[in-house]
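Worksheet: one structure, shown below.
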Amino acid sequence: MKKVVIIGGGISGLSAGIYALQQDLEVEIYEKNHVLGGECTGWYRDGYLVDNCMHWLTGCRPGEKLRGLWNNIGVLGEDIELYREELFYRGEFDGVKLCFWRDIERSRKEFLEVSPEDEEAINDFFDSVKRAECVVVPSEQSMADMGIIANIKFSMSMAEMGRVLMKHGKETVAQLAEHFKHPAIQKMIRSYYEPHHSAVSLITSYGFFTSGSAAIPEGGSMGLIKRMSERFESLGGKIFLNSPVASSDVQKGNIVSVTLENGDVITADAFLFACDPIVTFNRILDKKYTPKKLKKLYKDRSGYPVSSAFIAAFGIVGTDEISMENGSELFSCEPYTAAGKEYDFVSARLYDYDKTLYPDGKRVIQCTIMQDETDYDHWRELHGDRSAYVEEKKRISEELLLRLTERYPELKGKLVFLSACTPITFKRYCGAFKGSYMSFIPVEGKKSIYLKSSVPGIKNAFLASQWLQPTGGLPLAATSGKFAVQSIVRKRVI
Ligand SMILES: Cc1cc2nc3c(=O)[nH]c(=O)nc-3n(C[C@H](O)[C@H](O)[C@H](O)COP(=O)(O)OP(=O)(O)OC[C@H]3O[C@@H](n4cnc5c(N)ncnc54)[C@H](O)[C@@H]3O)c2cc1C
């Protein structure tokens, strides 16, 4: 049996592992951390679960092709419950309440009541979301491998999206917000993602909710990883935790072996890099093998920015009723600072939908402050002084806790601090480029760039990662694993 070694046990690595085993290959996964999952993870503090990733999973609508992939890798199935939140997110700005309901017409009506003078922009926005419901994540073949005809066919299947792209394809969310006169609507549009994020990402994400594609599978991030690793092991795959890969031995255009940090040398017929490509090409392989398109992405920082977040998690003590509703919300507040910038709103999310994760007495609220690359630089500098870094995390968390209790006085004295992550956390934990847990976002009319799974110059090296396609996320990570295995089989290297 031919052997494939996979470097990285996140979603892309596990997905690749399952698809490779289904091709009758021998598969080993080497993961640097003590648990699988990478960015898709969670942790317990004082009996409370902090779910690091799962806000929604795209591809949960019956009949969707992507759902077939989720079923195949153990993420979804007949017996796995799906939670469908009633809203994408809600906002309350200076007393004005707004909500992006799954029922799009309900939202349209409410927005028109709030701001009749924005009728044209409101109708255009909700019509765009409706059109975006046709968007699907390619799960049969990667965009990078599609020929012209397949590409045209795929684009035609999403023809409705053409008008949205013509109108909003070059806009950021900040520019989309400027179409509206009402300040609360502007804030609602501008504040969920970073202002430089593409308007199309926001419209498409909302479309995943209204179409029924987005849902949360039971068990959240950790449940999803557990099911994937069980599927992988049940097919005969082997997992090695606490096993960071440090270097590789490339001879005559083939990788002969990789070496772990502990000195163990691992040989195989093919090597599949499912870690962040910045780790692959800056640490394990020589930089000279970096694909040209990837070099371009790393270089053009204003055209293809990335983003990260500061996230503070709080446990709710006790079982008393609270007026905060389930799901994600934004609300205006007294200004506070984070990474040297001022914010006048909080983005918070109550986790209590899945009683196996958040039983009564163990509900969790997480507050997120989106961070861009300049913020990452700020955190990196601060991290040089460990105590200043810890102090700043504490200060921001206290500011957020204060604003939560100002908005929900019944939470006073009932919130316990659980943990705080910064972009440095994601850098340390997964080696993430600039601490980003999603991929490049094309802005200013830049084209989407798709990377192939193959590595130029090395015949038996392959890539799987959310970073191979713009914007990233769980579906792109999972499909990249499948595509990498297709590439291994197609190239007949093993
Ligand atoms: C706060 C947050 C919220 C998110 N929300 C959502 C959401 O709601 N929906 C959604 O679809 N996506 C969401 N995402 C994104 C999603 O988590 C990622 O897209 C996905 O998990 C990326 O998977 P990956 O396999 O490409 O990369 P990673 O998860 O980065 O996996 C790479 C793995 O490689 C390992 N590794 C690194 N270096 C080495 C080495 N030298 N040797 C061995 N192993 C190594 C890492 O430890 C890691 O386990 C969110 C992410 C975060 C952090």
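The values are calculated or read from the model by the stated rules, or taken from the named source; none is laboratory data. Every value quoted in this text rests on a predicted model; they were computed, and no experiment measured them. Neighbour counts are summed over all protein chains in view; Cβ atoms, including those assigned to glycine, are modelled from backbone coordinates with ideal geometry.
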request  = Take the stretch 166-197 and flag every residue that is touching an Asp or Glu at 6+ places or on another chain (Cβ under 7 Å) and of a type in the set (Gly, Ala, Ser).
outcome  = 184
inquiry  = residue 428 - would you say it is more than 27 Å from residue 175 (Cα to Cα), away from the ligand (no atom under 16 Å from the Cβ) and not hydrophobic (A, V, I, L, M, F, W, C)?
reply    = no
query = How many of the residues in the stretch 282-292 are outside any loop (DSSP other than H, G, I, E, B) and away from the ligand (no atom under 12 Å from the Cβ)?
reply = 4
key: Test result for residue 253, in contact with a Gly (Cβ under 7 Å, 6 or more places away or on another chain) and on the phi > 0 side of the Ramachandran plot   = yes
query = In the stretch 259-281, which residue that is within 14 Å of residue 244 (Cα to Cα) and assigned to a helix (DSSP H, G or I) is farthest from the ligand (Cβ to nearest atom)?
reply = 280
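Within the stretch 293-304, is even one residue assigned to a strand (DSSP E or B), out of contact with any Lys or Arg (no Cβ under 9 Å at 6 or more places or on another chain), charged (D, E, K, R) and at pLDDT 95 or above? Steps first, please.
Pass one, the stretch 293-304, residues assigned to a strand (DSSP E or B): none.
There is no residue in the stretch 293-304 that is assigned to a strand (DSSP E or B), out of contact with any Lys or Arg (no Cβ under 9 Å at 6 or more places or on another chain), charged (D, E, K, R) and at pLDDT 95 or above.
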remark   = Residue count, the stretch 63-88, condition within 14 Å of the ligand (Cβ to nearest atom) and touching a Phe, Trp or Tyr at 6+ places or on another chain (Cβ under 6 Å), comes to 3
ask   = Considering only helices (runs of 4 or more DSSP H) fully contained in the stretch 105-218, which possess at least 2 residues that are in contact (Cβ under 8 Å) with a residue 12 or more places away in the chain and not assigned by TED's automatic domain parsing to the domain that holds residue 466?
value = 119-132, 161-168, 173-177, 183-191, 199-211
note = Going through the stretch 393-409 in order, the residues found to be touching a helix residue (DSSP H, G or I) at 6+ places or on another chain (Cβ under 9 Å) and free of Cβ contacts under 8 Å to residues at least 24 places away in the same chain are 405
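From the list 265, 279, 306, pick out the single residue that is in contact with a strand residue (DSSP E or B) (Cβ under 6 Å, 6 or more places away or on another chain) and either in contact (Cβ under 8 Å) with a residue 12 or more places away in the chain or more than 24 Å from residue 441 (Cα to Cα) (or both).
Details: 279 fails: in contact with a strand residue (DSSP E or B) (Cβ under 6 Å, 6 or more places away or on another chain); 306 fails: in contact with a strand residue (DSSP E or B) (Cβ under 6 Å, 6 or more places away or on another chain).
After applying the criteria, what remains is 265.
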message = Out of 412, 452, 447, 434, I need the residue that is touching a residue at least 60 places away in the same chain (Cβ under 8 Å) and surrounded by fewer than 21 Cβ atoms within 10 Å (Cβ to Cβ). Which one?
response = 452
request  = Answer yes if at least one residue in the stretch 21-31 is within 18 Å of residue 480 (Cα to Cα), of a type outside the set (D, E, K, R) and within 14 Å of the ligand (Cβ to nearest atom), and no otherwise.
outcome  = yes
query = Inside the stretch 298-321, can you point out the residues that are among the aliphatic types (A, V, I, L, M) and within 15 Å of the ligand (Cβ to nearest atom)?
reply = 306, 309, 311, 312, 313
query = Does residue 125 satisfy being in contact with a Lys or Arg (Cβ under 9 Å, 6 or more places away or on another chain) and closer than 29 Å to residue 182 by Cα?
reply = yes
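When the residues of the stretch 455-492 are narrowed to those that are part of a loop (DSSP other than H, G, I, E, B) and within 19 Å of the chain's Cα centre (by Cα), which ends up surrounded by the most Cβ atoms within 10 Å (Cβ to Cβ)? Steps first, answer last, please.
Taking the stretch 455-492 as the starting set, the residues that turn out to be part of a loop (DSSP other than H, G, I, E, B) are 456-457, 464-465, 469-473, 492.
Cutting the leftovers down to within 19 Å of the chain's Cα centre (by Cα) gives us 464-465, 469-473.
Details: 464: 33, 465: 30, 469: 25, 470: 22, 471: 19, 472: 21, 473: 22.
Checking each candidate, the answer is 464.
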request  = Just give me the residues in the stretch 38-62 being among the charged types (D, E, K, R) and either surrounded by 23 or more Cβ atoms within 10 Å (Cβ to Cβ) or near the ligand (Cβ under 6 Å from one of its atoms) (or both), in sequence order.
outcome  = 39, 51
query = For the stretch 227-241, does any single residue satisfy the condition of being within 11 Å of the ligand (Cβ to nearest atom), in the same structural domain as residue 463 (by TED's automatic domain parsing) and among the aromatic types (Phe, Trp, Tyr)?
reply = yes
